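Report on the following structure.
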Amino acid sequence: MEPFKVFNALVAPLDRANVDTDAIIPKQFLKAINRTGFGPNLFDEWRYLDRGEPGRSCANRPINPEFILNQPRYQGAGILLARDNFGCGSSREHAPWALLDDGFRVIIAPSFADIFFNNCFKNGILPVVLEARIVDQLFGETVATPGYRLTVNLETTTITSPGGETWRFTVDPFQRHCLLNGLDDIGLTLNHEDAIENYEIKRRRDRPWTFIPDDGDRLGFND
């Protein structure tokens, strides 16, 4: 997972409350589990005028011109502004996969669904909770200012506008540590690789009867 420290990016406003995970990535795309390739199908039912299917190219699909994120001025955005209860619905991890694959590394909203919120941290996305009045201000400035960008600094837990206004946000210390260092669940486990290996060696020595010789050979315990 790529470490997150300071991120400056174009902002895109999604002015909808209660955006659920089926809207973020519809259920027909859940068959794939490789974490990548979901970006073109992010918000698929809002983004296109036809129904998307797994494995189908989006290159020639009809675009919905009314969907805000299809506007040229928001292409390449890396920060998503949202409203209350973003990421509600099912707990599918494909939702942050799709957002990340489409280039979003920060989501700012007044509130998030709990499971989605935690899944974001596990996949390299920073979900930021700000007061509704501040989110309202950011929506207004984003819409009024083409090319509007924000700087999100996880080291100082601040967000800074182009005009220099700064807002602080809070983040769980452990989740902050993981994002700063690019550690997902696998990365955290591998930090203890030596201890795990030593435990396996000790367990094999102390309880050899729990190991089947063929399995030990196959797993490399007898090398």
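The values are calculated or read from the model by the stated rules, or taken from the named source; none is laboratory data. The model shown is predicted, which means the values in this text are computed figures rather than measured ones. FYI the Cβ positions are ideal-geometry reconstructions off the backbone, even for glycines, and counts take in every protein chain you see.
Computed values, structure above
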quantity	calculated
Leading residue by the ranking (modelled with the highest pLDDT) among those in segment 28-43 that are in contact with a His (Cβ under 9 Å, 6 or more places away or on another chain) and either over 23 Å from residue 108 (Cβ atoms) or surrounded by fewer than 19 Cβ atoms within 10 Å (Cβ to Cβ) (or both)	29
Long-range neighbours under 8 Å by Cβ, at least six apart or interchain, first residue in contact (Cβ under 8 Å) with a residue 40 or more places away in the chain within segment 61-89, second of a type in the set (Asp, Glu) and part of a strand (DSSP E or B)	87/20; 88/20; 89/20
Exclusive hit being touching a strand residue (DSSP E or B) at 6+ places or on another chain (Cβ under 8 Å), surrounded by fewer than 21 Cβ atoms within 10 Å (Cβ to Cβ) and among the acidic types (Asp, Glu), set 84, 114	84
In segment 1-19, the residues that are closer than 13 Å to residue 82 by Cβ, part of a strand (DSSP E or B) and under 16 Å from the mean Cα position of the chain (by Cα)	11, 12
Qualifying positions in segment 171-223 - in a loop (DSSP other than H, G, I, E, B) and either touching a Phe, Trp or Tyr at 6+ places or on another chain (Cβ under 7 Å) or at pLDDT below 80 (or both)	184, 191, 192, 211, 212, 220, 221, 222, 223
Candidates 39, 55, filtered to the one that is of a type outside the set (Val, Ile, Thr) and without any contact (Cβ under 8 Å) to a residue 12 or more places away in the chain	55
Qualifying positions in segment 133-143 - of a type in the set (D, E, K, R) and touching a residue at least 12 places away in the same chain (Cβ under 8 Å)	141
Qualifying residue in segment 120-132 (condition: free of Cβ contacts under 8 Å to residues at least 12 places away in the same chain, in the same structural domain as residue 79 (by TED's automatic domain parsing) and surrounded by fewer than 21 Cβ atoms within 10 Å (Cβ to Cβ))	no
Within segment 20-36, considering residues that are in a loop (DSSP other than H, G, I, E, B) and in contact with a Phe, Trp or Tyr (Cβ under 8 Å, 6 or more places away or on another chain), the one nearest to residue 119 (Cα to Cα)	35
Any hit, segment 37-46, residues being under 23 Å from residue 149 (Cα atoms) and assigned to a loop (DSSP other than H, G, I, E, B)	yes
